[in-house]
Amino acid sequence: MRAWLPTILRGLLLLVLIAFLVTPGSFEPLLRPLVQPNAPAIYNQGSLLALTLLHLRTVFIATLVATVIAVLLAILVTRSFGAEFLQLSRSLVNIGQTFPPVAVLALAVPAVGFGEKPTLIALFLYGLLPIFENTLTGLTNLPRSVMEAARGAGMTDFQRLLQIELPLSLPVIVAGIRLSMVISLSTATIGSTVAAKTLGEVIIAGLQSNNLAFILQGGLIVGALAVLIYDGLSAAEAMLTRRAGST
Amino acid sequence: MIEIEAVTKLYDDVAVVDNVSMVIEPRTVTVVVGTSGSGKTTLLRMINRLVEPSSGAIRLDGEDNRSIPGHELRRRIGYAIQGHGLFPHRTVAENIATVPGLLGWEKSRIAAKVEELLTLFQLDPKMFGSRYPHELSGGQQQRVGVARALAAEPNVLLMDEPFGALDPIIRAKAQDDLLAIQKHFGTTIVLVTHDMDEAFYLADKIAVMDKGRVLQYGPPAELVRAPAAPFVETLIGDAERPFRLLSAAKIGAAVEPGEADGEPIGEDGTQQEALADLLWSGRKALPVVSASGAPMGRVTLDALLKCAARPQ
């Protein structure tokens, strides 16, 4: 009974989130006490559902590109011919993480203009590090005897990578993607300062008109998305760990 | 046949394997013994080119092992290691199918081979084929590791301390199984170990290595009778010498005509086993039977004591 509780709570959260996005009006009585009379209690400058989907799209694209680049980079620097690029890659990826996304936005706008593009660049740079470091950890901490057996069986370098190294590292890589994605979900809100269509719009609108209900609904949707995606990827990771064998 | 010719491996100008030459006869078990750091594992790994020699050559059945790419060479040579190295994300059947899969065998042929090997190693294919390595006991994992090494029917099987991680009872069983398998397939086995009991039990020939050199290479009894270096003597152990001689010889070699009472003993056991039996039961002689159960004569305490004495 106890073990089911978290699952039930997550299911409820998902249902409430969907209900709110599809019929925000039905939640108006809940949010009404938070606003001054005459002010709207539900975001009225666009569809919350559309903004949520655009927010997710931005995050997915940025995470996908970050995953591809970070994993490829980690594979490169763990091969014998790429080992000398390890320090360089680490530094680059670290700079991506250290550089504040807001600063990236400020620098990117003059180059690529307003909208989704600068946001994607900022999220991509910000998301590289966890995926890169986790992939690196995964690929360099494989059991020695397994790697030795794979070589001894006559696998080529490429076969070893595809059939042994990546499948065994997958749980750790997914953990990196999970971290990166959750960070991106929250960071994407600042994209709205440069006119990207994200849930940040709702929060910014609330701040500008001193509307607590707007701020709260923008923040809560992002929070709920983060919790659900984090849990979903955690479950995927646990499944992959089981499949990769617990020895 | 494996011909190792003047092979040297240098790491930072230090010879880990130093000018080693030896010929390993086909269908025999050769055990390389030595302390850790003696270069025995490096020597083994140069046969399938997991390590490339600095100089010298290794020929397999007359063919230089550098005449084909390393990964293709390794698909032809079985390789089993300590701690089995099974792929944890693949089932037992998939693990065994590794090399046949790399060689592009047909599915039906692979499936038949997997089933044959599992049965041979006393693992029910239906029950174990779909299990993952972590669901097996240590002894079962080790058997699957050897089965995987034999899957593509290699002529040569290299083993690096394959039984090192097993407890003594399972290890004895695994050693017996290995000898049975070797007879069954006629595989040439080169096995590396630091366990002298294991070496004397398994080997047709033993190579003793120290500091990268082979000090002596010959049948087990020869090592006891005429150790070529003080190190070989130390390794065998003065107190162990008579027992090593007995453990390296079969009962069949000490049989004499005659009768004896009591439980018979098989002719293919070691003379050490016969002596133990005699001492324990307090008898002077044991009846000996052939593998098929036919009486062959007897083995006496006196005969065994002669076998164990220093050769003149």
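Limited to the stretch B:202-240, what total is found for residues that are free of Cβ contacts under 8 Å to residues at least 24 places away in the same chain, of a type in the set (Val, Ile, Thr) and either within 25 Å of B:Gln182 (Cα to Cα) or buried (at least 16 other Cβ atoms within 10 Å of the Cβ) (or both)?
Qualifying residue count for the region: 0.
Of all residues in the stretch A:141-166, count the ones that are within 13 Å of chain B (Cβ to nearest Cβ) and either under 26 Å from A:Ala226 (Cα atoms) or open to solvent by 50 Å² or more (accessible area, probe 1.4 Å) (or both).
Total satisfying the criteria: 7.
Considering each of A:Leu86, A:Leu92 in turn, give the residue that is open to solvent by 60 Å² or more (accessible area, probe 1.4 Å) and farther than 20 Å from A:Val194 by Cβ.
A:Leu92
Return yes when A:Thr193 is within 14 Å of the chain's Cα centre (by Cα), open to solvent by 10 Å² or more (accessible area, probe 1.4 Å) and of a type in the set (Ser, Thr, Tyr) and no when it is not.
No.
Taking interchain pairs and intrachain pairs at least six residues apart, which have beta carbon atoms under 7 angstrom, with the first residue in the stretch A:218-247 and within 14 Å of chain B (Cβ to nearest Cβ) and among the hydrophobic types (A, V, I, L, M, F, W, C) and the second surrounded by 14 or more Cβ atoms within 10 Å (Cβ to Cβ) and assigned to a helix (DSSP H, G or I)?
A:Leu240/A:Leu170; A:Leu240/A:Pro171; A:Leu240/A:Val174; A:Ala244/A:Pro167; A:Ala244/A:Leu168; A:Ala244/A:Leu170; A:Ala244/A:Pro171
Being farther than 12 Å from A:Ile131 by Cβ, at pLDDT 90 or above and open to solvent by 40 Å² or more (accessible area, probe 1.4 Å) is true for just one of A:Leu76, A:Leu64, A:Leu72. Which residue is that?
A:Leu76
What number of residues within the stretch B:120-159 are part of a helix (DSSP H, G or I) and within 13 Å of chain A (Cβ to nearest Cβ)?
Of the residues in that region, 14 qualify.
How about the stretch B:1-119: which helices (runs of 4 or more DSSP H) wholly inside it have at least 2 residues that are among the hydroxyl-bearing types (Ser, Thr, Tyr) and within 14 Å of chain A (Cβ to nearest Cβ)?
Filter on the stretch B:1-119 gives B:40-47.
Tell me, which residue of the stretch A:167-177 that is in contact (Cβ under 8 Å) with a residue 40 or more places away in the chain and open to solvent by 30 Å² or more (accessible area, probe 1.4 Å) is nearest to the other protein chains (Cβ to nearest Cβ)?
Out of the qualifying residues, it is A:Pro167.
How many residues does the stretch B:1-58 contain that are buried (at least 22 other Cβ atoms within 10 Å of the Cβ) and of a type in the set (Gly, Ala, Ser)?
Total meeting the criteria: 3.
The values are calculated or read from the model by the stated rules, or taken from the named source; none is laboratory data. Since we're looking at a predicted model, the values are computed, not measured. Positions of Cβ are generated from backbone atoms using ideal geometry, with glycine treated the same way; all protein chains shown enter the neighbour counts. When the accessible area is computed, the model is the full protein with side chains, heavy atoms only, and any ligands, DNA or RNA have been set aside. Shrake-Rupley method; radii C 1.70, N 1.55, O 1.52, S 1.80 Å.
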